[in-house]
Amino acid sequence: MKEQRAIADKFTADTGIYTSYCESCEMWIVHCPECNHNWCGGGCGCGYNMLLNNKQAQLDKALESISG
């Protein structure tokens, strides 16, 4: 979990997109840059769906690098 947090924190620093660990999804999730709603596979109505989908995929790929 420490390595995941480091990757998530670096992702946030590099992209400006906040991330947090979602207990119910059991994964790191990106948040909307406008309303800060967590993505969890659904939009918030702010118009960032494509961006958040792409950033979630980018974060997932980065996290996969440590899980083997």
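Given the criterion charged (D, E, K, R) and touching a residue at least 60 places away in the same chain (Cβ under 8 Å), identify the matching residue among GLU34, GLU3, GLU23. Walk me through it before giving the result.
On the way: GLU34 fails: touching a residue at least 60 places away in the same chain (Cβ under 8 Å); GLU23 fails: touching a residue at least 60 places away in the same chain (Cβ under 8 Å).
Exactly one of GLU34, GLU3, GLU23 is charged (D, E, K, R) and touching a residue at least 60 places away in the same chain (Cβ under 8 Å), namely GLU3.
With the condition kept exactly as written, say whether any residue in segment 46-62 is touching a Cys at 6+ places or on another chain (Cβ under 6 Å) and over 16 Å from GLU3 (Cβ atoms).
Filtering segment 46-62 down to residues touching a Cys at 6+ places or on another chain (Cβ under 6 Å) leaves 46, 48.
Next, from what is left, pick out any that are over 16 Å from GLU3 (Cβ atoms): 46, 48.
So far as segment 46-62 goes, yes, one or more of its residues are touching a Cys at 6+ places or on another chain (Cβ under 6 Å) and over 16 Å from GLU3 (Cβ atoms).
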(request) Mind listing just one residue for me: the one in segment 4-33 that is in contact with a Ser or Thr (Cβ under 9 Å, 6 or more places away or on another chain) and of a type in the set (A, V, I, L, M) and, of those, surrounded by the most Cβ atoms within 10 Å (Cβ to Cβ)? (result) VAL30
(message) Name the residue that is farthest from THR12 (Cα to Cα), counting only residues in segment 37-56 that are buried (at least 19 other Cβ atoms within 10 Å of the Cβ) and of a type in the set (A, V, I, L, M, F, W, C).
(response) TRP39
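Read the figures in this text as sums done on the coordinates, not as results from a lab. In this text, all values refer to a predicted model and were calculated from it rather than measured experimentally. Heads up, the Cβs are rebuilt from the backbone with ideal geometry, glycines too, and the neighbour counts pull from every protein chain shown.
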